[in-house]
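The structure appears below as structure tokens.
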Amino acid sequence: MTITTMKKTLSLLALAAAASQAALAGDLSTLGTLTQSEFRTMSEDLGAALSYKPIAPTEAQGITGFDIGVEVSGTDVGKSAAALRKAGASDSPMDTLMVSKLHVHKGLPLGFDVAAFMGKVSAINVNVVGGELRYALLQGGVATPAIGVRGAFTNMSGANQLALKTRSLDISISKGFAMLTPYAGIGQVWVDSTPEAGALGQESFNMGKVFAGVNFNMGLLNLALEADQTGKTTSWGAKLGLRW
């Protein structure tokens, strides 16, 4: 696959994701019709879908380093599809929740990195923002992997009847081989899902997280692919952009 083809593929994927889910869009305006059990199941899937996903290898970028990309992620929300539909997310069945993002990562001195994203979830008509601070426990080199610890958060906005926030902590490892850098990590995600409709109560809980991915660097152009399991919910993601 050529560089031009990869750029077109991810751009078309992002447009297709936004267009297809915009057609299904709802606004969670009937959240109060859910039972507490349905609300918890929906909150688990939304927490997994909207929690922070690095889609990048572990090694520190360094003080001159940047990673800027367009990102698309999809989350299997099959177990809460009925609850989402009942809450007003869509008039049609929806088993995958798509999120489109702009993601920016910057290297800092002393092994620190920061990153932030802004995204759109068309199917439920909300926005999501998030950020991370990561520290390199081991910088990595020719013979050694990079190991880093990350703290991150996300915040959903735009839903009148639901406030959802996540926090996460993880440790990850990566090792580069020429243009290819595989990586993997494990962590924990904390979710606060607060309804503002009906007699539903707040759901605050934590879920285990494992993720793995691979980064392809072709000069300035960069492609990263990642799979994530948070709780019982599976997500995948792809990011295409510039990395140096």
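The values are calculated or read from the model by the stated rules, or taken from the named source; none is laboratory data. All values derive from a computational prediction rather than experimental measurement. Cβ coordinates were reconstructed from backbone atoms using ideal geometry, including for glycine residues, and neighbour counts include every protein chain displayed.
When region 145-177 is limited to residues that are under 26 Å from residue 47 (Cα atoms) and free of Cβ contacts under 8 Å to residues at least 24 places away in the same chain, the one that is nearest to the chain's Cα centre (by Cα) turns out to be 167.
Filtering region 118-145 to residues that are among the hydrophobic types (A, V, I, L, M, F, W, C) and within 30 Å of residue 82 (Cα to Cα) leaves 118, 121, 123, 124, 126, 128, 129.
Table: residues versus (1) of a type outside the set (Gly, Ala, Ser); (2) part of a helix (DSSP H, G or I).
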residue	(1), (2)
79	yes, yes
82	no, yes
97	yes, no
100	no, no
106	yes, no
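Between 214, 191, 142, the distinction of being assigned to a strand (DSSP E or B), β-branched (Val, Ile, Thr) and free of Cβ contacts under 8 Å to residues at least 60 places away in the same chain belongs to 214 only. Give 65, 69, 47, 26 a once-over and let me know the one that is modelled with pLDDT under 95 and surrounded by 15 or more Cβ atoms within 10 Å (Cβ to Cβ). Step by step, each of 65, 69, 47, 26 is checked, and only 26 is modelled with pLDDT under 95 and surrounded by 15 or more Cβ atoms within 10 Å (Cβ to Cβ). Total residues in region 146-177 satisfying the condition of being within 30 Å of residue 84 (Cα to Cα) and either among the hydrophobic types (A, V, I, L, M, F, W, C) or touching a His at 6+ places or on another chain (Cβ under 9 Å) (or both): the figure is 8.
In region 195-244, of all residues being surrounded by fewer than 21 Cβ atoms within 10 Å (Cβ to Cβ) and of a type in the set (Ser, Thr, Tyr), the one that is nearest to residue 162 (Cα to Cα) corresponds to 204. When region 151-174 is filtered for residues that are of a type in the set (Val, Ile, Thr) and under 15 Å from residue 51 (Cβ atoms), the ones remaining, listed by number, are 154, 166. The residue that is surrounded by the fewest Cβ atoms within 10 Å (Cβ to Cβ), counting only those in region 88-139 that are of a type in the set (D, E, K, R) and either in contact with a Lys or Arg (Cβ under 8 Å, 6 or more places away or on another chain) or in contact (Cβ under 8 Å) with a residue 24 or more places away in the chain (or both), is 91.
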